[in-house]
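Novice: Below are the structure tokens for one structure; questions will follow.
The values are calculated or read from the model by the stated rules, or taken from the named source; none is laboratory data. All of these numbers come straight from a predicted model, not from anything done at the bench. Cβ: placed from backbone, ideal geometry, glycine included. Neighbour counts: every protein chain shown.
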Amino acid sequence: MTTKEIEELVRQIMLGQTDIKKEGSIGGSGVFNTVDEAVCAAVNAQAEYLYVSLEIRRKIITSIREKMLPLVEELSTRTYEETGMGNIEDKIHKNRLAINQTPGVEDLITNAETGDYGMTLYEYSPYGVVGAIAPSTNPTETLISNTIGMLAAGNAVIFSPHPGAKNISLWLVKKLNEIVCEASGIDNLVVTVATPSIIAAQEMMNHPNVPLLVITGGPAVVNEAMRTGKKVIAAGAGNPPAIVDETANIKKAAIDIVDGASFDNNILCIAEKSVVAVDSIADSLIGQMEKAGAYLIKNPEDIRKLEVLCLTENNKPNKKFVGKNAVDILQAAGIQYTGTPRLIIVETQKNHYFAVEEMLMPILPIVRTPNFDSALRTALELEQGLHHTATMHSQSIANLNKAGRQLQTSIFVKNGPSFAGLGFKGEGSTTFTIATPTGEGTTTARHFARRRRCALIDGFSIR
């Protein structure tokens, strides 16, 4: 800093205006006016971070977990108020999941091979600065989970949040960066820009000092990232089907499907987006789903009202109703209903727009098929080769194996709600970046690091 800049900083402090913490940063820790300023700050921070111990990394992650947990309700409420999607209760579950169950340094497993010629060691080391894009559907969960994983791998991260979740994202980046700085003594390991936009995201993705891009978003931004020629970990679209065959525990299947499809009003990419049911059990399944909190629309006139409300003129999801409550959608469509349904269900053909489009609304189409083989073929068509997520309810090991082999999805949940695939009421770690286009699947810290091979000749083999 120049003498004049130091004098200005002193003047700000004397006036009690302590928002300006470092050159280039505004409004608090980690937020910058320009992408270049943010990236440069992150580069400098990571150069220092590169030489800290693994114990410091563990301390950082422990601190994030401890200090973010008391903020979960505030995070969830702020997100709902800003985006208008989902519901606060389910967002609380998602945020706790991201905080508690995202793997840290322990995910960076060392492997070794020894023999007559010595030892070869495989370890993970950081890329440097990771450029991460977060969605408006799961903004805080993605930021928290990615921060834990990326810092565990030894990186700094610059986030490009969705403009639709700007306020909560900037607030959260500041909090995370402050927590990390307090734990490590290094500022600007987590940064962003003050005005998130498509242009800022493009600038970040093309910045020469950002070697790794982690994209959690739709096909357009994934394609844009691919064009940069950089290493990309891309979490793209999904359209998860739920298969129910004649051997399933119908009551449990109905409860699980309603729970999964209604969770946060279906804005999770892994949520059930359609049901493919064998005809012999379809009526029973629908009846049990109604008992579990779903509302069945049978009147063709009401179905048309729902289509007019929730689809645009080109038959794409109406963004105005993405993530809205089932009750709000029914009221807006002018459809009479009873109770307080969590989910709207409607029987359709497999080519209906509700089935082929990722609606991101608590509207679940049910498609009948004669038998399991036809159900699997239909599910494959609806999943559209995205290889994202599928669920299935069956007591037949043969059917489950056949579906698993043919679907080839990153997540395949058997006899449970879709969110079990994220570790919520299911085993395993949590991630909100499910990289299907680039093949990593459910990402963890090791995916944000380079796997390096180090060979030592004629030594450290004691067999």
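Novice: May I ask you to say which residue of Ser396, Ser410, Ser461 is in contact (Cβ under 8 Å) with a residue 12 or more places away in the chain, surrounded by 17 or more Cβ atoms within 10 Å (Cβ to Cβ) and among the hydroxyl-bearing types (Ser, Thr, Tyr)?
Specialist: Only one candidate passes the filter, namely Ser410.
Novice: Considering only residues that are basic (Lys, Arg) and not in a strand (DSSP E or B), which ones fall in the range 436-460?
Specialist: Correct list: Arg446 only.
Novice: Taking the range 312-368 on its own, how many of its residues are charged (D, E, K, R), touching a residue at least 60 places away in the same chain (Cβ under 8 Å) and closer than 19 Å to Leu268 by Cα?
Specialist: Qualifying residue count for the region: 4.
Novice: With the requirement that a residue be of a type in the set (Gly, Ala, Ser) and under 30 Å from Gln46 (Cα atoms), what does the range 113-135 give you?
Specialist: Ser125, Gly128, Gly131, Ala132, Ala134
Novice: Still on this structure, I have one more. Scan Ile233, Ile281, Ile286 and give me the residue that is in a strand (DSSP E or B), surrounded by fewer than 24 Cβ atoms within 10 Å (Cβ to Cβ) and aliphatic (A, V, I, L, M).
Specialist: Only one candidate qualifies: Ile233.
Novice: Across the range 96-121, what is the total count of residues that are assigned to a loop (DSSP other than H, G, I, E, B) and closer than 25 Å to Gly428 by Cα?
Specialist: Number satisfying all stated conditions: 6.
Novice: I'm checking my understanding of the structure. Among residues of the range 75-127 that are under 21 Å from Arg65 (Cα atoms) and in contact with a Lys or Arg (Cβ under 7 Å, 6 or more places away or on another chain), which one is surrounded by the most Cβ atoms within 10 Å (Cβ to Cβ)?
Specialist: Checking each candidate, the answer is Thr79.
Novice: Another question, if that's okay. Is one or more of the residues making up the range 239-247 in a strand (DSSP E or B) and over 21 Å from the mean Cα position of the chain (by Cα)?
Specialist: Yes, the range 239-247 contains a residue that is in a strand (DSSP E or B) and over 21 Å from the mean Cα position of the chain (by Cα).
Novice: Residues that are β-branched (Val, Ile, Thr), assigned by TED's automatic domain parsing to the domain that holds Thr140 and at pLDDT 95 or above: list the helices (runs of 4 or more DSSP H) wholly contained in the range 1-78 that include at least 1 such residues.
Specialist: Answer list for the range 1-78: 35-49, 54-68.
Novice: Hey, which of the strands (runs of 3 or more DSSP E) in the range 323-393, taking only ones fully inside, have at least 3 residues that are assigned by TED's automatic domain parsing to the domain that holds Gly416 and among the hydrophobic types (A, V, I, L, M, F, W, C)?
Specialist: Fully inside the range 323-393 and qualifying: 343-347, 363-369.
Novice: If you scan the range 86-112, which residues turn out to be within 15 Å of the chain's Cα centre (by Cα) and hydrophobic (A, V, I, L, M, F, W, C)?
Specialist: Listed by number, the residues that qualify are Ile92, Leu97, Ala98, Ile99.
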